[in-house]
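Have a look at the structure below before the remarks.
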Amino acid sequence: MPRRRASDPRKTPLQARSRDTYDAVLEATARILETKGLEAANTNAIAERAGLSVGSLYQYFPGKTAIFAELIRRNDAATAEGLAALVAATAGQDLASRLRALVQAAVAQQFARPRLARILDYLEATLGADEALTAADERIVGSVEALLHAHAGELARPPTTVVARDMLWIAKGMIDGASLAGESDGAAVEPRVVRALLGYLGVEEDAGRGGGAIRPGGRRRARTGPPRP
């Protein structure tokens, strides 16, 4: 039997009441992290915020590290699920529109709880990946790679895993940087990120909106539909 890690919960809740308690611990932790910071997020404070005894908290988690890890797992799993759904929902749209939808979702997530997002990023880098986080990461990259394959003929770069990861890091770096700089208008950030992604892919912005796409080598592919007014 594999040895339990400090980042593993003690047990997974099965009944509705247990799930409510489990979720309350995670949300209490998130609230403390975003309002008071990492140093304030100890098990006593988390239990008090969740309206539980410390003993009840320890039924589910051996310590705060396990709570942090579970919060990260949930966040990454939700991100992977949402990205996969967006890629599927935008199938058939032009490249720029699809990228815009993905960027809008990423900006909304970051700007909704910016301090929490930054702390979770720090904790994820500190705690390291486990099987669940690795699976979520692979699904996120796979969704972006699938989108690229659907537009492979328009790109100046091959639709590879490396390119998909580069796009994720470009978007994340720009969005995180805007948040750290104090920007709060997501609508102003989104077009800058989309332009950067299209530029990295070697696609002119107008071409990405359904015009003649840029072939590898920089040559424009002829439009197949009627000209735009």
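The values are calculated or read from the model by the stated rules, or taken from the named source; none is laboratory data. Keep in mind the model is a prediction, meaning the values are calculated, not measured. So basically every Cβ, Gly included, is an ideal-geometry build from the backbone, and we count neighbours across all protein chains shown.
Tell me which residues, restricted to the stretch 70-81, are surrounded by fewer than 17 Cβ atoms within 10 Å (Cβ to Cβ) and either among the small types (Gly, Ala, Ser) or in contact with a Gly (Cβ under 7 Å, 6 or more places away or on another chain) (or both). Walk me through it before giving the result.
Here is the first cut: in the stretch 70-81, the residues surrounded by fewer than 17 Cβ atoms within 10 Å (Cβ to Cβ) are 74, 77-78, 81.
77, 78, listed by residue number.
Hey, residue 107 hits all of (1) at pLDDT 95 or above; (2) assigned to a loop (DSSP other than H, G, I, E, B) but one; which does it fall short on?
Result: residue 107 passes all but (2).
For the stretch 152-173, name all the residues that are within 18 Å of residue 141 (Cα to Cα), touching a Lys or Arg at 6+ places or on another chain (Cβ under 9 Å) and surrounded by 19 or more Cβ atoms within 10 Å (Cβ to Cβ). Steps first, please.
Filtering the stretch 152-173 for residues within 18 Å of residue 141 (Cα to Cα) gives 152, 155, 157-173.
The next check asks that each one be touching a Lys or Arg at 6+ places or on another chain (Cβ under 9 Å); those that pass are 155, 163, 166.
The answer is 155, and nothing else.
In the stretch 208-221, is there at least one residue being at pLDDT below 95 and assigned to a helix (DSSP H, G or I)? Walk me through it before giving the result.
Initial filter on the stretch 208-221 (at pLDDT below 95): 208-221.
Next, only the ones that are assigned to a helix (DSSP H, G or I) stay: 208.
So far as the stretch 208-221 goes, yes, one or more of its residues are at pLDDT below 95 and assigned to a helix (DSSP H, G or I).
Tell me, please, whether a residue that is under 12 Å from the mean Cα position of the chain (by Cα) and surrounded by fewer than 19 Cβ atoms within 10 Å (Cβ to Cβ) can be found in the stretch 52-69. Spell out how you get there, then give the answer.
Here is the first cut: in the stretch 52-69, the residues under 12 Å from the mean Cα position of the chain (by Cα) are none.
So far as the stretch 52-69 goes, no, none of its residues is under 12 Å from the mean Cα position of the chain (by Cα) and surrounded by fewer than 19 Cβ atoms within 10 Å (Cβ to Cβ).
Looking only at the stretch 174-200, count how many residues are under 19 Å from residue 121 (Cα atoms) and assigned to a helix (DSSP H, G or I).
7
Test each condition in (1) in a loop (DSSP other than H, G, I, E, B); (2) buried (at least 17 other Cβ atoms within 10 Å of the Cβ); (3) of a type in the set (S, T, N, Q) for residue 12 and report the one that comes out false.
Exception for residue 12: condition (2).
Mind listing whichever residues of the stretch 36-51 are surrounded by fewer than 16 Cβ atoms within 10 Å (Cβ to Cβ) and in contact (Cβ under 8 Å) with a residue 24 or more places away in the chain?
37, 38, 51
Yes or no, residue by residue, for (1) farther than 28 Å from residue 65 by Cβ; (2) loosely packed, with under 15 Cβ neighbours inside 10 Å; (3) in contact with a Cys (Cβ under 6 Å, 6 or more places away or on another chain):
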residue: 89; (1), (2), (3): yes, yes, no
residue: 105; (1), (2), (3): yes, no, no
residue: 110; (1), (2), (3): no, no, no
residue: 120; (1), (2), (3): no, no, no
residue: 125; (1), (2), (3): no, yes, no
residue: 128; (1), (2), (3): no, yes, no
residue: 133; (1), (2), (3): no, no, no
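Among all residue pairs at least 6 apart or on different chains, which show Cβ distances below 7 Å where the first residue, located in the stretch 154-178, is more than 14 Å from residue 95 (Cβ to Cβ) and the second is at pLDDT below 95 and part of a helix (DSSP H, G or I)?
That search, which allows pairs on different chains as well, returns 175/110; 176/110.
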